[in-house]
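Please read the structure below before turning to the comments.
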Amino acid sequence: MFLARTEELSKLSDSMNHTGHASLVYGKRRVGKTRLIKEAMNRQGYSVIYYECIKGTMQENIDTFTRLLTTLQILPFSTSFQSFSDVFAYLNTLPRSFVAVIDEYPYLSAITDAEIVDSVFQTIIDQRLRNIHLVLSGSQVSVMRNLLQKGNALYGRFHLILHLRELDYQDASLFYPSLSPYEKIAFYSVFGGSPFILQELRETESLTQNIVRTILDESSPVSLYASSLLMTDYTNAVSAERILAVLNNGKKKYSELERALQANSTGSLAKQLKSLQATELIHPIFPINKPDDAKKKFYEINDNLLRFWFTYIYHNRSALQMIGPKAFFDRQVAPTLLTEYVPHRFEELCRSFFSRLARGGRLPGITNIGTYYYDDAVHHRNGEFDIALEFGSKYQIYEAKYYRKPMSLREIHQEAGQIRDISSLNVARLGFIAVNGFEEEEDGFIYYNGEDLYRI
């Protein structure tokens, strides 16, 4: 069953109906590109050609592609071509229309110069798509993104560009719809939004059982994905692992990373962080009220599953092998999973909730969503609120509580009092997000519960 991605599927299916054009689909591994492409191919009437490139020479890929055409009986007999351009020129002579997908496009430049490869496909798009819709797809995000830059031979040549990211918390919950909001948030915080991972989950099992069966079983597809992710697309995997291990379930400033990694000031750390951002493994965070202050910039891991891996497993793999998945979960994971790990991820989920509201037109006047930095000179303290909505020059601040029980009015008063003590805050409204609701809702605040998060 195909779940979520309805907007992307509609756009790609519609684009495929137009021959003479090309589409670009890209995103990190296991984000659902191939599944989306094949679903779109199944929903239109043209003949389909799906080819996944190999890490070989251009000629080896041409020969493999040609054999596929023979197998599909598009070529009546085995023959040889000297270029992809010649293959597509032959397809142009046929009386029917095609959708041709070249998946893992960056593999073509593993041996052949990338500029040559891009130039070849520029010619194909410009001159060889009379009866063809061409889709280029790839998982090496930085390479695929480069195709969109001025100066690249393929710049400006795509009818549709889809950058697939992981499913957000609400779309991910379609894989476990019967769970409570409290459970859905925990599942998303651990497993993230990769369709490949989500399809391995069992809704009838508890969070503990799913973690033990998948992430902690080193023979499972989920565990193999998490442990090998860096090795596939990141050239300096050792440096990446060290950075991600320091970040784990938190966020760090550049100076904090530099100290923790004992990195010198040569700029190498900055280059590594830039590379990790390009591959979408990490992202920077700025307070929305201090967007240009580099000292307030933090980094954190994007992928929830990878975050879980580096929080609990990376430094403890020997223990996992020695005592086994269930005992490892009980000793290493269970003590902090629902009290520290998931609550921290819940804050990001709440920002995603407000983003959904804003995109749906339900937050009129909003200009930004993020964190808010404060400097309280009166009480000699500073810090950051993790959920802030900007409305022009005013802000709404929210406190998020991942509680098993409803939030009490006493706790609301306590949180509100601490915030109101900060004289420098320019806060228009104060709100609370409690997964299991509130004992009592007093006027003057904004309230959201777990059901609200999944109702939009």
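The values are calculated or read from the model by the stated rules, or taken from the named source; none is laboratory data. The shown structure was predicted, so the numbers you read here are calculated from the model rather than taken from an experiment. Neighbour counts are summed over all protein chains in view; Cβ atoms, including those assigned to glycine, are modelled from backbone coordinates with ideal geometry.
If a residue must be over 20 Å from the mean Cα position of the chain (by Cα) and farther than 16 Å from residue 311 by Cα, how many such residues does the stretch 215-228 contain? Don't jump to the end; show me each part of the working.
First, the residues of the stretch 215-228 that are over 20 Å from the mean Cα position of the chain (by Cα): 216-220.
Among the residues that remain, those that are also farther than 16 Å from residue 311 by Cα are: 217-220.
Looking only at that region, the number is 4.
Do we have residue 165 as crowded, with 16+ Cβ neighbours inside 10 Å, of a type in the set (Lys, Arg) and either under 27 Å from residue 82 (Cα atoms) or out of contact with any Phe, Trp or Tyr (no Cβ under 8 Å at 6 or more places or on another chain) (or both) here?
Numbers: crowded, with 16+ Cβ neighbours inside 10 Å: no; of a type in the set (Lys, Arg): yes; either under 27 Å from residue 82 (Cα atoms) or out of contact with any Phe, Trp or Tyr (no Cβ under 8 Å at 6 or more places or on another chain) (or both): yes.
So residue 165 fails the test.
Condition (residue is at positive phi and in contact with a Pro (Cβ under 9 Å, 6 or more places away or on another chain)) applied to the stretch 385-401: is it met by at least one residue? Quick ask: steps written out before the conclusion?
Of the stretch 385-401, the ones at positive phi are 392.
With in contact with a Pro (Cβ under 9 Å, 6 or more places away or on another chain) added as a condition, the list becomes none.
The answer is no; no qualifying residue exists.
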Discussion item. Looking at the stretch 389-404, can you tell me whether even one residue there is surrounded by 17 or more Cβ atoms within 10 Å (Cβ to Cβ), assigned to a strand (DSSP E or B) and either of a type in the set (Ser, Thr, Tyr) or at pLDDT below 85 (or both)?
Written reply: yes
Worksheet, complete the sentence: Checked against (1) part of a helix (DSSP H, G or I); (2) surrounded by fewer than 18 Cβ atoms within 10 Å (Cβ to Cβ); (3) at pLDDT below 95, residue 143 satisfies every condition except (2)
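Scanning the stretch 264-307 for residues that are of a type in the set (Asp, Glu) and buried (at least 16 other Cβ atoms within 10 Å of the Cβ), which turns out nearest to residue 138 (Cα to Cα)?
Of the stretch 264-307, the ones of a type in the set (Asp, Glu) are 280, 292-293, 300, 303.
From what is left, the residues that are buried (at least 16 other Cβ atoms within 10 Å of the Cβ) are 280, 300, 303.
Working: 280: 14, 300: 24, 303: 18 Å.
Of everything passing the filter in the stretch 264-307, 280 is nearest to residue 138 (Cα to Cα).
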Practice prompt. Output the residues belonging to the stretch 75-95 that are modelled with pLDDT under 95 and either within 14 Å of residue 49 (Cα to Cα) or not assigned by TED's automatic domain parsing to the domain that holds residue 61 (or both).
Written response: 75
Worksheet entry | Verdict on residue 15 being out of contact with any Pro (no Cβ under 9 Å at 6 or more places or on another chain), over 30 Å from residue 200 (Cα atoms) and touching a residue at least 24 places away in the same chain (Cβ under 8 Å) | yes
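Conditions (1) surrounded by fewer than 18 Cβ atoms within 10 Å (Cβ to Cβ); (2) more than 34 Å from the chain's Cα centre (by Cα); (3) of a type outside the set (Ser, Thr, Tyr), marked per residue:
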residue: 49; (1), (2), (3): no, no, yes
residue: 67; (1), (2), (3): yes, yes, yes
residue: 72; (1), (2), (3): yes, yes, yes
residue: 77; (1), (2), (3): yes, yes, yes
residue: 80; (1), (2), (3): yes, yes, no
residue: 92; (1), (2), (3): yes, yes, yes
residue: 103; (1), (2), (3): no, no, yes
residue: 108; (1), (2), (3): no, no, yes
residue: 114; (1), (2), (3): yes, no, yes
Item to complete: Among the candidates 430, 409, single out the residue that is surrounded by 15 or more Cβ atoms within 10 Å (Cβ to Cβ), among the hydrophobic types (A, V, I, L, M, F, W, C) and in contact with an Asp or Glu (Cβ under 9 Å, 6 or more places away or on another chain).
Response: 430
Worksheet item: Is there any pair linking a residue in the stretch 314-333 that is in contact (Cβ under 8 Å) with a residue 24 or more places away in the chain to one that is among the β-branched types (Val, Ile, Thr), with Cβ under 6 Å and at least six apart or on different chains, and which?
Response: 325/212; 326/212; 329/212
Fill in: Among residues of the stretch 381-420, those that are charged (D, E, K, R), over 21 Å from residue 181 (Cα atoms) and in contact (Cβ under 8 Å) with a residue 40 or more places away in the chain, counted
2
Discussion item. Against the conditions (1) in contact with a strand residue (DSSP E or B) (Cβ under 6 Å, 6 or more places away or on another chain); (2) not in a helix (DSSP H, G or I), where does residue 106 fall short? Just the number, please.
Written reply: (2)
